[in-house]
1. Starting from residues that are part of a loop (DSSP other than H, G, I, E, B) and in contact (Cβ under 8 Å) with a residue 40 or more places away in the chain, keep the ones in the stretch A:129-142 and report whichever is farthest from the chain's Cα centre (by Cα).
2. Here are some conditions: (1) at positive phi; (2) at pLDDT below 95. B:Gly173 meets all but one. Which one does it not meet?
3. Those residues that are touching a His at 6+ places or on another chain (Cβ under 7 Å), of a type outside the set (Gly, Ala, Ser) and within 28 Å of B:Asn396 (Cα to Cα), I need them from the stretch B:128-185; list them, please.
4. Kindly indicate whether B:Gln608 is within 14 Å of chain A (Cβ to nearest Cβ) and either within 25 Å of B:Thr696 (Cβ to Cβ) or polar (S, T, N, Q) (or both).
5. Farther than 23 Å from B:Trp674 by Cα, buried (at least 24 other Cβ atoms within 10 Å of the Cβ) and among the β-branched types (Val, Ile, Thr): is that true of B:Val551 in this structure?
6. Would you say B:Leu240 is in contact with a Lys or Arg (Cβ under 7 Å, 6 or more places away or on another chain), within 12 Å of chain A (Cβ to nearest Cβ) and modelled with pLDDT of 95 or more?
7. Starting from the stretch B:369-385, take each residue that is within 20 Å of B:Gly127 (Cβ to Cβ) and list its partners that are part of a helix (DSSP H, G or I) and of a type in the set (A, V, I, L, M), counting only C-beta distances under 7 angstrom and pairs at least six apart or across chains.
8. Criterion first (free of Cβ contacts under 8 Å to residues at least 60 places away in the same chain and of a type in the set (Ser, Thr, Tyr)) does B:Thr337 satisfy it?
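The values are calculated or read from the model by the stated rules, or taken from the named source; none is laboratory data. Note that this is a predicted model, so its numbers are computed, not measured. No Cβ is skipped: glycine too gets one built from the backbone with ideal geometry, and neighbour counts run over all protein chains shown.
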Amino acid sequence: MNRTIFIDKDKCVGCYSCIVACKLEHSLPPEPVKPPLGNPTGPNLIRVYQVGPQIHDDEVHQYFLPIPCLHCLDAPCIKACPRSALYKDNDTGITLIDEDKCIGCKFCLWVCPYGAPQFYDGRMYLCDLCIHRIGEERQKGRQTACEAACPARAIHVGTTAEISALIGEKAAERAGKEKSI
Amino acid sequence: MQPDKAVITTTCKSCHGGCGVLATVENGKITHIEGNPDSSTRGTMCAKGLASFQEVYNPNRILYPMKRKGDRGEGKWERISWEEALETVAGKIKGSIKKYGAGSVAICQGTGRGYNRYTFRFARSIGTPNIGVPADFCYGPRLAVFGTTVGGRLYCDYHGWGGEYPKTQISWGKQLEITNADGEMAVWFLNSLDKAEHLILIDPRATRLAGRADLWLQVRPGTDAALALGMLNVIINEGLYDRDFVQNWTYGFEKLRERVQEYPPAKVAEITWIPADKIIKAARILATEKPGCIQIGESLEAGNNSIQTLRAIVCLMAVTGNIERPGSMINWVPPDTGPLEEFAMEVPAPEEPAIGADQFKLLSSPPMAMAHMHTIFKQLREGASQIRVMHLQGTNPLVAYPNTKEVKEGLLNAEFLSAADLYMSPTVEYADIVLPAAHWLESDDIHDMHPRFIIGAIHKVVDPPGEAWPDNKIYNELGKRLAPEYWFDNVEEMLNYQLRKANITWKEFTGMGFLAKMGKEQPYYKYKTDYWQKGGGFATNTGKVELYSTVMEKLGYDPLPYYLEPNESPYSTPELAKEYPFILSTGGRSPYYFHSQYRQVPWLRERQPYPIVQIHPETAGSLGIKNGDWVWIETPRGKIKQVAEVFAGIDPGVVVAQASWWYPEDPGPDHGIWKSSANVLTRNDPPFDPAMGSATFRALLCKIYKVEDE
């Protein structure tokens with residue numbers, strides 16, 4: 001069953017929990033050092049972008065959009081990789097990386113519409129939709145670390161059928177409500 | 001060999017805290033933390049809480065008790081035993097009490113972290129009234145106003161236990177969505193927001209929820225009291241108030257009606273810079289689209305009129321009947337333990353008044369009498385100080401209090417300073433004795449930051465590094481040396497004692513995870529029952545919500561709310577405004593930091609390495625400032641630099657700088673406070689709030705200009 005992630009931009013408040021939850025889940029750099037670094041860096045498998053605020057006719061337009069790898073069905077990164085280091089997991093459709101094959105050429109980054117591939121300290125990092133947590137009985141079905149941590153419930157991960165149903169329900173709810181905040 | 005693996009339930013304390021946590025421990029080391037889905041916070045956690053993982057194994061932690069060698073701030077330390085450290089601190093306190101009286105000792109902590117009750121109990125047990133906390137500008141005003149006006153503490157009812165969620169929500173000078181501040185949790189708020197019909201945002205900036213709000217009232221910093229009074233004017237004059245509640249359950253309505261006549265919407269629009277039609281619209285929504293609740297931010301407290309600002313807002317809640325009804329503002333019934341702060345309050349308060357009590361009578365009123373820190377620093381600075389010894393437990397005055405230069409002069413004049421902390425902060429660098437504190441993942445305690453419907457078990461997950469001790473143990477061991485009758489054989493005994501009314505032990509509590517009064521156990525409309533008063537009523541002098549405050553009247557303050565122009569503004573100090581033309585708020589906050597904490601945590605610092613000052617595009621353009629430029633921000637107290645964010649959601653005449661910055665990587669002892677800490681700019685001069693002594697952080701005047709040559 002294909003798995004996917006859905007970001008509800010109307011709900012995200014830009015608290016950035018997802019970013020740190022992901023770093024913790026995947027033990028990502030940077031590590032604490034002594035003395036601390038003023039500008040530590042590391043890969044971020046989910047990034048959050050702030051759009052706005054723009055103010056038109058007294059209306060504020062502003063939203064926050066977390067962007068991980070979207071695990072495209074027809075993934076350009078897989079096609080672009082000269083070493084076939086990127087591949088699809090058969091069961092879930094999640095795009096994964098074979099670190100032994102990756103040469104760090106960054107073609108995948110050039111072709112990715114979302115800037116998802118991350119390069120740090122000579123290796124490539126990519127969101128794996130927390131594939132290791134699939135089937136684990138924790139967090140009441142919220143599978144990924146980012147989904148579990150999100151206090152705004154702006155991140156949803158599931159099969160494409162599940163996400164389709166969720167978006168449909170949201171649309172129906174909106175239709176029945178005059179004003180949504 | 002099978003790894004020794006366990007998942008331990010605990011409670012986060014990375015901000016005021018309260019999120020349920022599951023911590024995985026393998027072979028004695030934490031390998032993972034995440035939210036506990038079976039807690040009131042439903043498995044969610046924030047960036048700060050999750051990054052705690054990097055605090056437990058952070059090599060910058062203080063590991064051992066140390067005493068100063070060489071001069072203060074020279075950075076030379078000698079490792080000593082806990083025995084020697086405690087004997088020294090206790091000896092200095094004892095000596096000072098003997099020579100100068102108990103009031104010569106100040107027991108200080110920073111923002112509330114759930115060990116408040118130990119700080120207060122410790123101070124009372126040694127007989128000093130001088131509890132030094134940032135209460136005058138953070139939460140103290142709310143406590144004082146809720147207490148005097150409604151006889152309790154109001155929280156927003158986000159939970160739906162009474163069958164209704166708030167229909168109208170006001171977020172006033174607060175960003176609960178990226179914090180878990182002051183007894184509320186972001187996840188509760190955001191969940192209830194999905195069920196609300198109106199969101200009114202009152203803030204000088206288009207903060208994160210501005211895009212979702214029906215109405216954004218872009219208030220001029222420091223003028224919120226005028227806005228609240230203007231809304232009261234509309235509600236009362238249009239007859240939109242809750243007649244039943246006003247008639248039966250409030251005191252002084254006619255006097256309030258008279259007072260608010262001074263604040264017609266047109267005049268309030270001039271004061272606040274909010275168009276009158278928006279003020280009228282907001283007032284009508286709050287009064288007619290019920291139930292509603294108002295989330296009050298600390299911003300409203302950090303100014304010269306904190307008490308009357310909050311009084312006006314509580315009056316808004318009262319006249320609209322948004323108190324104690326489901327979906328409005330509620331005084332929570334505590335869990336079966338009773339309010340845990342009784343642990344502090346049961347120790348008799350000293351008769352000697354706290355420093356500042358002669359002036360700021362609400363700050364120093366029982367039961368939570370506190371000292372006025374700005375006066376303490378002033379006395380120390382001027383060399384005629386009552387305070388000789390200061391114990392600083394988890395507080396960083398060199399970053400947290402206004403006018404850093406003068407705070408430092410004062411602090412250095414204290415005869416003896418002891419400090420307990422996780423890291424060598426700019427303040428700890430000047431201590432005489434340093435005590436290593438344990439992180440919440442290394443401590444056993446009961447989480448009860450703000451007395452509310454729930455307490456949580458903070459369960460030690462791993463041993464602290466080196467010889468660090470939990471805050472409660474530090475207080476208990478110091479207490480045993482100074483006032484043994486009030487302290488305990490060990491921490492477990494102390495925790496058992498605090499849980500006794502619920503008939504559970506600490507061990508049993510850790511198995512439960514939390515204790516709460518939720519759902520049907522949480523009653524509403526308690527003023528119609530015998531809960532506070534036989535036959536009904538609120539726990540106030542008149543038994544009613546006091547729109548006209550008998551307490552304020554008795555203390556010699558105006559019993560009715562009023563507006564006061566900020567100490568510095570284009571209107572109150574037009575001459576100063578010629579040189580310093582912009583209104584400055586130092587209220588900027590980041591989702592990655594809690595006050596002065598976490599700049600040494602890489603997962604957080606990576607996200608935001610430097611402080612940000614928000615400037616309107618027109619203003620930035622006229623000053624040649626581009627997004628990402630370092631800019632100087634200057635006030636009569638000093639200048640600092642921060643990174644410009646060119647931000648359309650702010651008035652061109654207002655700039656908002658971020659608070660509480662220091663750079664752990666910069667050389668000690670000051671670690672870069674002069675470079676970027678916003679309190680270099682803030683003012684500690686009178687006039688303070690007359691009743692609370694609040695200093696001004698949110699409505700100052702400044703100039704800004706680009707940093708050249710960097």
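1. Across the stretch A:129-142, the extreme among qualifying residues is A:Ile134.
2. Of everything listed in (1) at positive phi; (2) at pLDDT below 95, B:Gly173 misses just condition (2).
3. Of everything in the stretch B:128-185, those that are touching a His at 6+ places or on another chain (Cβ under 7 Å), of a type outside the set (Gly, Ala, Ser) and within 28 Å of B:Asn396 (Cα to Cα) turn out to be B:Asp136, B:Asn180, B:Asp182.
4. So B:Gln608 fits the description; yes.
5. no
6. No; evaluated as a whole, the condition is false for this residue.
7. Between residues of the stretch B:369-385 that are within 20 Å of B:Gly127 (Cβ to Cβ) and residues that are part of a helix (DSSP H, G or I) and of a type in the set (A, V, I, L, M), the close pairs are B:Met370/B:Ala135.
8. no
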